[in-house]
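The structure under discussion appears below in the form of structure tokens.
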Amino acid sequence: MLLLHGPNLDLLGRREPDVYGTETLADVDRRARELGVELGLEVDARQSNHEGVLIDAIHEAMTDFGAVVINPGAYTHTSVAIRDALAAIPGTVVEVHISNVHAREEFRHHSYVSPVATAVIAGAGTLGYDLALRFVATRI
Ligand code: DQA
């Protein structure tokens with residue numbers, strides 16, 4: 001499965017730690033790979049600050065991955081292109097947000113991605129990625 005992190009998530013641990021916690025992206029990815037081994041999932045983790053790079057990775061997932069777990073970051077609220085790419089994925093798509101986007105600013109309440117996601121997890125902190133992987137494991 002593909003674990004895809006969008007813009008600014010490379011700053012995890014240093015960026016607004018009161019909102020996103022102190023765990024780094026490297027910590028999250030290492031934990032995901034470890035949990036993947038336990039669950040029998042091969043986890044390919046990637047991060048990009050560029051919309052087109054994220055879209056290219058999603059295109060790869062159409063044929064090369066059984067599922068996508070994605071935190072699109074701020075593109076969640078702006079990107080029709082990422083939504084369209086995800087809509088083409090035949091397998092499971094899980095949208096993850098570390099923070100509870102619905103309890104934050106109004107512009108974070110709308111997601112272009114949620115209508116094409118199989119499941120949405122928000123507000124569980126980085127534990128949300130563990131939950132997403134466990135869900136994916138039940139589907140593939
Ligand atoms: C986020 C929430 C988004 O609104 C924000 O732009 C992010 C991170 C989250 O994980 O809580 O970059 O996706």
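The values are calculated or read from the model by the stated rules, or taken from the named source; none is laboratory data. Keep in mind it's a predicted model, so treat the numbers as computed, not measured. Quick reminder, even Gly has a Cβ in these numbers, built from the backbone with ideal geometry, and neighbours come from all protein chains shown.
Out of contact with any strand residue (DSSP E or B) (no Cβ under 6 Å at 6 or more places or on another chain) and in contact (Cβ under 8 Å) with a residue 60 or more places away in the chain: is that true of residue 127 in this structure?
Values: out of contact with any strand residue (DSSP E or B) (no Cβ under 6 Å at 6 or more places or on another chain): yes; in contact (Cβ under 8 Å) with a residue 60 or more places away in the chain: no.
It is false that residue 127 is out of contact with any strand residue (DSSP E or B) (no Cβ under 6 Å at 6 or more places or on another chain) and in contact (Cβ under 8 Å) with a residue 60 or more places away in the chain.
Yes/no per residue for (1) within 9 Å of the ligand (Cβ to nearest atom); (2) part of a loop (DSSP other than H, G, I, E, B); (3) among the aliphatic types (A, V, I, L, M):
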{"position": "69", "(1), (2), (3)": "no, no, yes"}
{"position": "76", "(1), (2), (3)": "yes, no, no"}
{"position": "84", "(1), (2), (3)": "no, no, no"}
{"position": "89", "(1), (2), (3)": "no, yes, yes"}
{"position": "96", "(1), (2), (3)": "yes, no, yes"}
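For segment 57-80, which positions are buried (at least 19 other Cβ atoms within 10 Å of the Cβ) and small (Gly, Ala, Ser)?
Matches in segment 57-80: 57, 61, 67, 73, 79.
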- Task: Check 132, 88 and return the single one that is surrounded by 14 or more Cβ atoms within 10 Å (Cβ to Cβ) and either more than 13 Å from the chain's Cα centre (by Cα) or touching a residue at least 60 places away in the same chain (Cβ under 8 Å) (or both).
- Result: 132
- Which one of these does residue 54 not meet: (1) surrounded by 15 or more Cβ atoms within 10 Å (Cβ to Cβ); (2) part of a loop (DSSP other than H, G, I, E, B)? (2)
- Hits in segment 65-77 - residues which are at pLDDT 95 or above and in contact with an Asp or Glu (Cβ under 9 Å, 6 or more places away or on another chain): 69, 70, 71, 72, 75, 76
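Filter segment 32-47 for residues that are touching a residue at least 24 places away in the same chain (Cβ under 8 Å) and surrounded by fewer than 19 Cβ atoms within 10 Å (Cβ to Cβ); which is nearest to the ligand (Cβ to nearest atom)?
Checking each candidate, the answer is 46.
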- Run residue 116 past the list (1) crowded, with 16+ Cβ neighbours inside 10 Å; (2) away from the ligand (no atom under 15 Å from the Cβ); (3) farther than 18 Å from residue 54 by Cα and report the number of the one that doesn't hold. (3)
- Query: Any residue at all in segment 46-64 that is within 17 Å of residue 131 (Cβ to Cβ) and either out of contact with any Asp or Glu (no Cβ under 8 Å at 6 or more places or on another chain) or of a type outside the set (A, V, I, L, M, F, W, C) (or both)?
  - Reply: no
- Selection count where residues are outside any loop (DSSP other than H, G, I, E, B) and closer than 16 Å to residue 72 by Cβ, scope segment 112-134: 10
- Count of residues meeting criterion [away from the ligand (no atom under 16 Å from the Cβ) and either of a type in the set (Ser, Thr, Tyr) or free of Cβ contacts under 8 Å to residues at least 12 places away in the same chain (or both)] in segment 1-31: 2
- Item | Matching option when the condition is in contact with a strand residue (DSSP E or B) (Cβ under 9 Å, 6 or more places away or on another chain) and more than 17 Å from residue 8 (Cα to Cα), among 45, 119, 81, 85 | 119
